[in-house]
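Single-structure report; data block below.
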């Protein structure tokens, strides 16, 4: 089929009629499909059921240094859990603090602490007139929700195939002292699945921000979340890069086991320089006596070590890979050459990003919904929910079973076509009144 | 033996010599005893080992409403956990939010949110010149640490046998709009073990604070932590009392299972009015996707219901009761009638409070330490660590085994005697130079 843009009005109208018929068929199937969030599937959850068996009442819940994990204490995590997560995060175990079940919560607390107490002795942000964050877009909606909640002004920075536009970041942070941070998902980014190039990471490490309390919020959520065994992305380790660049305190690194063991029942961590860790612990010891050590021990006993964790991740990949491939196959089959959308094909992570023609994303997501498919809300991948081109849609292939996913993607592709045809028809130079006097309404008839 | 205050200088000097000899004996025993924190003992931890068996890989981790506890989601807790903790907290399950492993963390987050976003639409505290909290004293050091960390000015309010001095609180909150809260441990208080009288609770509920965003921070940490089966304290339920008094939004109620299941691996909760809960959830949904539901389910499966939890608490009581009684027995045997100290004998909770002669607490704790016994730091029970009378010492009988506890309390009583004799000798009107020219130094000879 030829590109839609090259079609005549008559061809588009005929196509529209055909597509609308197919759409009504989908509506008649009473589908209930959800691709809105990056949730692991039930099959993936089943992989970790062994976690429920590694600690029993016959087991000794004492950790290597003699600490009884059942009682109070240990602010920054038991040593064996620090080692496991440090290996996962590619840092040394003395560079990390283990938290509770959510790295999002750690990021929130990091911003909150900066608001009330400042960063390493600098003025608390709540005492400043203006605080700004750089937001590579498209990005993760929950990052943007945190900064918006604290009244932090967000500045869009376009994502390139190599990562965020570093020329723009370089220039902005150098001249504006009110810019205090940048959100990054550096590996298999949310939603595009882009991994930052070595040059990008080095340029991050070498930033010369005007603000002494500027920090890179390096959310390495998908650090070992590969889809393929051999074709894996690798990014430079940011803390080491910062240290080499003479900026040892420039980055906070976040991660968790949420998409490794059980989401919501995993363990999270922050990695940072000693100066940053000392600063963080000053607050942490006021906030808590310590996080859940039994769950830390459970993770260590289940995975054994980082090798055990990597083996475990292969089982996740075996479940996720066919889903990512099915999405790509269906989009390719349905949309290739039509000129109405592009999409990413990442080698890891939890998302793919689809870019429609400008001004179509909201309508596509809305059309999907009316036929029983929930996609991530259009705009969600941008600060304030505002996609300036209204074109980016996040695809989350992980949760639905493969058969459902195929149906969902066929429906999605159909909606892309329908909305694109509508757009093209609407933008076509007028030829007479007849054609436009009978708009087809999918929801009636 | 007669009261020390009635002894002559010669009698005191002879006594001092005898006591110093006994103290040196203790020093020779190389003791390592720790009574500094309210930690459950190993025996108590063993009571909950069954928690490690209630969820296995053969079990279904789906909760009553069909939610898969292993995956993301459920912001405010699974319904069965809400019911269990609501029963424990004497509220309805729609009045609570389940959190992670630490009620201290919930309290910290509550203050932090008030600093950055204010309480129910009122001005964020970080934008105010002055924020003050009322602190019934003696009280819980970690409460005071939170308010101090946020630069909140703390005002001491004396504890009476019925609870805090309500005349003082009434007057202060009515006239000073900068007073935004009061810390309360209303049942088996930390450290005295006092339970607030019905009149005290009602007066709390009827407060007319000048500040609309004033809240009672009701840390009901020991709500079912009785030592005796029949002699139990009962306090009025604060949220119901506030509602009746026409002040439904006046209180936040906190609790956790830290001293019921495993400290550090339990579940915590806040209970409050719907207005407060809506206000809290606005923030909570930005901070996290949800807390550890598997651990919530584990608690529900282990305890079954509130009756199961109450039965479990009897086993705790059976371990704790002899320890509290031993402390009282030894203090009575050693100190009764000497006029050098008083102590509380609570019917629940984790602490007893000892009051020495003015100006002696620090020396007593220091003397204990030099013989191998760590007590809670003197002054810790007061804001800023400053006990104006230097007389209050927190006794935490829970952690050491009974035999160690007996030794510890004998040593403690001895130190009380020694320091009291020193104080009395020092304050005695001079009779000549001879007596004072030879101070006895316990650490030499």
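The values are calculated or read from the model by the stated rules, or taken from the named source; none is laboratory data. Everything numeric in this text was worked out from a predicted model, so none of it was measured. Cβ placement follows ideal geometry from the backbone for every residue including glycine, while neighbour counts extend to all protein chains displayed.
Residues in segment A:138-154 that are touching a residue at least 40 places away in the same chain (Cβ under 8 Å), surrounded by fewer than 22 Cβ atoms within 10 Å (Cβ to Cβ) and more than 18 Å from residue B:282 (Cα to Cα): A:154 only.
If you check B:131, B:137, B:182, which single one turns out to be within 14 Å of chain A (Cβ to nearest Cβ) and touching a strand residue (DSSP E or B) at 6+ places or on another chain (Cβ under 9 Å)?
Working: B:137 fails: within 14 Å of chain A (Cβ to nearest Cβ); B:182 fails: within 14 Å of chain A (Cβ to nearest Cβ).
B:131 is the lone residue from the list that is within 14 Å of chain A (Cβ to nearest Cβ) and touching a strand residue (DSSP E or B) at 6+ places or on another chain (Cβ under 9 Å).
For residue A:36, are the conditions met, namely being in contact (Cβ under 8 Å) with a residue 12 or more places away in the chain and closer than 30 Å to residue B:57 by Cβ? Taking the combined requirement at face value, the residue satisfies it. Looking only at residues that are in a loop (DSSP other than H, G, I, E, B) and without any contact (Cβ under 8 Å) to a residue 40 or more places away in the chain in segment B:212-235, which one is farthest from residue B:132 (Cα to Cα)? Checked segment B:212-235; the qualifying residue farthest from residue B:132 (Cα to Cα) is B:230. Within segment A:51-61, the set of residues being exposed (fewer than 14 other Cβ atoms within 10 Å of the Cβ), more than 8 Å from chain B (Cβ to nearest Cβ) and touching a helix residue (DSSP H, G or I) at 6+ places or on another chain (Cβ under 9 Å) comprises just one member, A:58. When segment A:383-399 is filtered for residues that are assigned to a loop (DSSP other than H, G, I, E, B) and surrounded by fewer than 17 Cβ atoms within 10 Å (Cβ to Cβ), the ones remaining, listed by number, are A:386, A:388, A:389. Counting the residues of segment A:26-50 that are surrounded by 18 or more Cβ atoms within 10 Å (Cβ to Cβ), at pLDDT 95 or above and facing chain B (nearest Cβ under 8 Å) gives 4. How about segment A:333-348: which of its residues are touching a residue at least 60 places away in the same chain (Cβ under 8 Å), over 16 Å from residue A:231 (Cα atoms) and in a strand (DSSP E or B)? Residue satisfying the conditions is A:341 alone. Would you confirm whether any residue within segment A:302-323 is closer than 29 Å to residue A:114 by Cβ and within 14 Å of chain B (Cβ to nearest Cβ)? Within segment A:302-323 (the criterion being closer than 29 Å to residue A:114 by Cβ and within 14 Å of chain B (Cβ to nearest Cβ)), the answer is no, since none of the residues qualifies.
Evaluate segment A:7-16: report whether one residue or more is part of a loop (DSSP other than H, G, I, E, B), at the interface with chain B (Cβ under 9 Å from one of its Cβ atoms) and surrounded by 14 or more Cβ atoms within 10 Å (Cβ to Cβ). Spell out the reasoning first.
Step one: list which residues in segment A:7-16 are part of a loop (DSSP other than H, G, I, E, B), which gives A:7-8.
In the following step, the residues that additionally are at the interface with chain B (Cβ under 9 Å from one of its Cβ atoms) were identified as none.
Among the residues of segment A:7-16, not one is part of a loop (DSSP other than H, G, I, E, B), at the interface with chain B (Cβ under 9 Å from one of its Cβ atoms) and surrounded by 14 or more Cβ atoms within 10 Å (Cβ to Cβ), which makes the answer no.
Residue-wise test of (1) within 21 Å of the chain's Cα centre (by Cα); (2) not assigned by TED's automatic domain parsing to the domain that holds residue A:93.
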position: A:264; (1), (2): yes, no
position: A:326; (1), (2): yes, yes
position: A:332; (1), (2): no, yes
position: A:342; (1), (2): yes, yes
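Within the option set A:326, A:380, being in contact with a helix residue (DSSP H, G or I) (Cβ under 8 Å, 6 or more places away or on another chain), part of a loop (DSSP other than H, G, I, E, B) and closer than 28 Å to residue A:262 by Cβ holds for one residue only, A:380.
Considering B:268, B:240, which residue is buried (at least 19 other Cβ atoms within 10 Å of the Cβ) and modelled with pLDDT of 95 or more?
On the way: B:240 fails: buried (at least 19 other Cβ atoms within 10 Å of the Cβ).
When all the criteria are applied, what remains is B:268.
One residue alone among A:101, A:71 is free of Cβ contacts under 8 Å to residues at least 40 places away in the same chain, buried (at least 21 other Cβ atoms within 10 Å of the Cβ) and not assigned by TED's automatic domain parsing to the domain that holds residue A:368, and that residue is A:71. Sub-6 Å Cβ pairs linking a first residue in segment A:160-176 that is in the same structural domain as residue A:198 (by TED's automatic domain parsing) to a second residue that is crowded, with 17+ Cβ neighbours inside 10 Å and in a helix (DSSP H, G or I), at least 6 apart or interchain, are A:162/A:200; A:163/A:200; A:166/A:200; A:166/A:203, ordered by first then second residue. Give segment B:342-352 a look and list any residue that's surrounded by 23 or more Cβ atoms within 10 Å (Cβ to Cβ) and under 19 Å from residue B:415 (Cα atoms), or say none. Selection gives nothing.
Check B:360, B:368 and return the single one that is surrounded by 24 or more Cβ atoms within 10 Å (Cβ to Cβ), touching a strand residue (DSSP E or B) at 6+ places or on another chain (Cβ under 7 Å), in the same structural domain as residue B:319 (by TED's automatic domain parsing) and within 24 Å of residue B:336 (Cα to Cα). Write out each step before concluding.
Working: B:360 fails: touching a strand residue (DSSP E or B) at 6+ places or on another chain (Cβ under 7 Å).
That would be B:368, the only listed residue that is surrounded by 24 or more Cβ atoms within 10 Å (Cβ to Cβ), touching a strand residue (DSSP E or B) at 6+ places or on another chain (Cβ under 7 Å), in the same structural domain as residue B:319 (by TED's automatic domain parsing) and within 24 Å of residue B:336 (Cα to Cα).
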